[in-house]
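Engineer: Pasting in a structure now, in structure tokens, and then I'll have a few things to ask.
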Amino acid sequence: MSADSTAVTGGPAAGGPVADAPPLNTPPKASLGSRIAARAGGGLVRVFLLVVALFWLMPTVGLLLSSLRSPTDISASGWWKVFSSPTQLTFTNYRTLLDNHAITDSLWNTALITVPATLLVVVIGSLAGYAFAWMEFPGRDWWFIGVVAMLVVPVQVALVPVARLFGDIGIFGDISGVVLFHTAFGLPFAIFLLRNFFAEIPRELLEAARLDGAGELRLFVRVIMPLGGPAIASLGIFQFLWVWNDMLVALIFANSDSQPITVALQQQVRQFGNNIDILAPGAFVSMIVPLVVFFAFQRQFVSGVMAGAVK
């Protein structure tokens, strides 16, 4: 009786394999690679990322320190000599920069080009993206395919035809011509990005707003714009950086009175040995403005990128 009951219940009399079987809930043994990754995921990775960040910022720091040294010191030694001789630091180069009207005027021209080109792309791209996402009109899909096809058109292809067109209508060499060119070539990407983002907004929200009597314009301002804020902010940052750092378009479409800071600095490079006291602080000022804009809207930029990744 006891032997039979023992066999039925799977005890030792029933055979050894059942008694020696491992528990079903035992977690699998971690591999060597996963154990190394888990141990290195703390302090070692942080130290590595810190080192990479320091190397990434080294050119910026070098440019800043060079802009605070005299031309004689720059010609005699590298910027790292500042750490052993801090007396080399001076703001004379920035005073010289402010006295150079070509550089100060080019900074103002850069703002006059970048701000309107960014605002126009954001506003027109948002309106067009909403129309392609939620409005019905004849040929909507074909029009959107045409917009997407314009993304593959390189800027270099349109330089000569657009330059002739601007010359015929009298805006070649003017700031308005540079703004129009940047706006035209920034709109395809803006429409493509915002249309895909707006299309993921739940239809129920728009239908509820229409039931409350909201028209298309009010629906766009009260519903679409707040929900699409991260994507719009990301687009604005991208467009601002592209236009601010552009030199090719400005070199062709801007004259001496409307040239931005990139073209003005390029002309200083031709006389690098004589104008290093203007080139170094001018380059740093030209670089620091986009950095300030990026860090000021960093949270919106990250939100927009993550929202696009999730959707």
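Engineer: Would you check if S176 is farther than 18 Å from S126 by Cα and not in a helix (DSSP H, G or I)?
Structural biologist: no
Engineer: I've got another one for you. Which condition breaks for P86 when tested against (1) on the phi > 0 side of the Ramachandran plot; (2) open to solvent by 50 Å² or more (accessible area, probe 1.4 Å); (3) of a type outside the set (D, E, K, R)?
Structural biologist: Result: P86 passes all but (1).
Engineer: Quick one: would you say V155 is at pLDDT below 90 and either at negative phi or open to solvent by 50 Å² or more (accessible area, probe 1.4 Å) (or both)?
Structural biologist: Yes: the conditions hold for V155.
Engineer: P71 is checked against (1) in contact (Cβ under 8 Å) with a residue 60 or more places away in the chain; (2) over 31 Å from the mean Cα position of the chain (by Cα); (3) closer than 30 Å to I201 by Cβ and fails just one. What number does that condition carry?
Structural biologist: Failed condition: (3).
Engineer: Of F197, F166, F192, F181, which residue is in a helix (DSSP H, G or I), aromatic (F, W, Y) and open to solvent by 50 Å² or more (accessible area, probe 1.4 Å)?
Structural biologist: Just one listed residue meets the conditions, F192.
Engineer: Here is a further query. Could you tell me how many of the residues in segment 200-224 are within 29 Å of A111 (Cα to Cα) and surrounded by 14 or more Cβ atoms within 10 Å (Cβ to Cβ)?
Structural biologist: Counting residues in segment 200-224 that are within 29 Å of A111 (Cα to Cα) and surrounded by 14 or more Cβ atoms within 10 Å (Cβ to Cβ) gives 2.
Engineer: Out of all the residues in segment 104-123, is one or more modelled with pLDDT under 90, open to solvent by 30 Å² or more (accessible area, probe 1.4 Å), polar (S, T, N, Q) and over 22 Å from the mean Cα position of the chain (by Cα)?
Structural biologist: yes
Engineer: Here's a check for you: in segment 245-260, which residue that is buried (at least 20 other Cβ atoms within 10 Å of the Cβ) and touching a Gly at 6+ places or on another chain (Cβ under 7 Å) is nearest to S106 (Cα to Cα)?
Structural biologist: Once the filter is applied, the top-ranked residue is S258.
Engineer: On to the next question. Scan segment 222-229 and tell me whether some residue there is within 30 Å of G173 (Cβ to Cβ) and over 19 Å from the mean Cα position of the chain (by Cα).
Structural biologist: no
Engineer: I need the full set of residues from segment 89-112 which are in contact with an Asp or Glu (Cβ under 7 Å, 6 or more places away or on another chain) and within 10 Å of P260 (Cβ to Cβ), in order please. Break it down stepwise before answering.
Structural biologist: Step one: list which residues in segment 89-112 are in contact with an Asp or Glu (Cβ under 7 Å, 6 or more places away or on another chain), which gives 93, 96.
Across segment 89-112, there are no qualifying residues.
The values are calculated or read from the model by the stated rules, or taken from the named source; none is laboratory data. Values in this document were obtained by computation on a predicted structure and should not be read as measured data. Virtual Cβ from ideal backbone geometry, glycine too; neighbours counted across all protein chains shown. The accessibility values were calculated without ligands, DNA or RNA, using every heavy atom of the protein model including side chains. Shrake-Rupley method; radii C 1.70, N 1.55, O 1.52, S 1.80 Å.
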